[in-house]
Amino acid sequence: MSRYDIVIIGAGIAGASLAAQVAPHARVLLLEGEEQPGYHATGRSAAFWSETYGGPDIQPLSIASAPFLRDPAADMGGESFLGPRGQLFIATRADRHVLDRFAAAFAAAGVTLSETDPVARCPGLRPEWTEGLWDPTCSDIDVARLHAAYLAAARRAGAELVCSAGVTAAGRSGPWRIETRAGVFEGEVLVNAAGAWADPVAQLAGAPAIGITPLRRTMVQLRVDPPVKASLPLVTDARDRFYFKPEAGRLWLSPHDEIPSAPCDAAPDELDVATAIDKLQGAVDWRIEAVERKWAGLRSFARDRKPVYGFDPLVPGLFWCAGQGGFGIQTAPAASMLAASMLLGTPPDPAIAHLDPAAYSARRFRD
């Protein structure tokens, strides 16, 4: 039977980035339930970095991640994972107060959102959308390359990856014994990076659930007339009712839905697709020529909508790395450094030394 220092359940962006951080210091195993890593949330991301996404509690993780994403080290490819995009927040005159409240929430953190003419930024926007705020720092993320770089870094440091290894049982009397569809493994520490399955995995390991809820998010790819310009920004409704962005000559659109779901291979609901299209038609005068693709992913949140990192105070040797919602990719560099420091008991990297680990600790749900 193979035995490891750290066994990480889940090889999406959370598990892969954490494995890359800790593998140089420990013998690490990544267990992935699917045939390939990143099949669920990581592989279905809308793929952007936004300083304001997730709210003020998430912004410190996003900012701390930006230098790595913009200028990765040579052993992570040496080429930026970000591409310029910009983000336009839009509102009608009646909703001007929503934009003002949003800007005020981030002003204390030093985020500057400038006034802009929304129609000039997004030609085709209907004239009732008179109010706009502009964030020039928003960027596209090359999610597939970032995920692959973390997996490659973990492997170079000696981590092993086993796919099609859904966990069926976990317990300990000494080391953890983890039973999976791919065999049985042992480890001193068990890391729960299982995304939408985080609570069920914790319960398999004998820990009470902490209330991580998977929420379904719908995405639609459209061909529109006039064709989408590559320079179009990410456009977000101030009331979070929809957003859209260009992608390879097409339009990616979401109704910004959050539908509670059981952990599953999420599929889009036709009503949600229709809702997304209806919201788009209320925002722009473009003609929709075809719905070319539609998909859904699960974004998993703790009750306070902050991620959960740290050892479970009720179950020795169980470490949480979960609840990363829709911001897990854009915060992965800082989050993985922070979680690795907590897991290994080592001083934090200078890049994240200002972050308070207690704000994200699993203990907040046990006290």
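Trypsin sites (Lys or Arg not before Pro) within the range 253-340: which are DSSP loop residues with at most 14 other Cβ atoms inside 10 Å?
R303, R305
Return the lysines within reach of K279: Cα separation strictly under 19 angstrom, same-chain partners fewer than 8 residues apart disregarded; answer none if there are no such residues.
Straight-line reach from K279, under 19 Å: K245, K294.
Filter the GluC sites (Glu not before Pro) in the range 75-171 down to the DSSP loop ones having no more than 14 other Cβ atoms within 10 Å, then list what survives.
Here the GluC sites (Glu not before Pro) that fit, given the DSSP loop and packing criteria, are E79, E128.
Can you grab the distance from the C-alpha centre of the range 137-175 to the C-alpha centre of the range 291-367, Å, no decimals?
With the range 137-175 and the range 291-367 each reduced to a Cα centre, they are spaced 15 Å.
Restricting to DSSP loop positions (anything but H, G, I, E, B) with no more than 13 other Cβ atoms inside 10 Å of their own Cβ, which trypsin sites (Lys or Arg not before Pro) remain in the range 122-187?
Qualifying residues, ordered by number: R181.
In deg cm²/dmol and to the nearest 500, what is the mean residue ellipticity at 222 nm of the chain if only DSSP H runs of at least 4 residues count, each as -39500 (n - 2.57), divided by the residue total?
Details: 8 runs with 84 residues, N = 367.
Rounded to the nearest 500, the figure is -7000 deg cm²/dmol.
Given contacts defined as C-alpha pairs under 8 Å and at least six residues apart, what's the relative contact order of the chain, whole-number percent?
With pairs under 8 Å counted, the relative contact order is 22 percent.
Just need the relative contact order of the range 1-93 here, percent rounded to a whole number, with Cα pairs under 8 Å and 6+ apart.
Numbers: 72 pairs, mean separation 17.7, N = 93.
The normalised contact order for the range 1-93 reaches 19 percent.
Return the sequence-ordered ³J(HN,Hα) values of the range 279-292 in whole Hz as given by the Karplus equation 6.51 cos²θ - 1.76 cosθ + 1.60 applied to θ = phi - 60°, using x for Gly and Pro.
For the range 279-292, the Karplus-derived couplings read 5, 4, 5, x, 10, 10, 9, 5, 8, 7, 8, 6, 8, 8 Hz, x marking Gly and Pro.
Any read-out appearing in this document is the output of simple, stated calculations on the displayed coordinates, not a laboratory observation. Here the structure is a predicted model, which means the values were calculated and not measured. Counting neighbours? That spans all protein chains shown, and the Cβs are built from the backbone with ideal geometry, glycine included.
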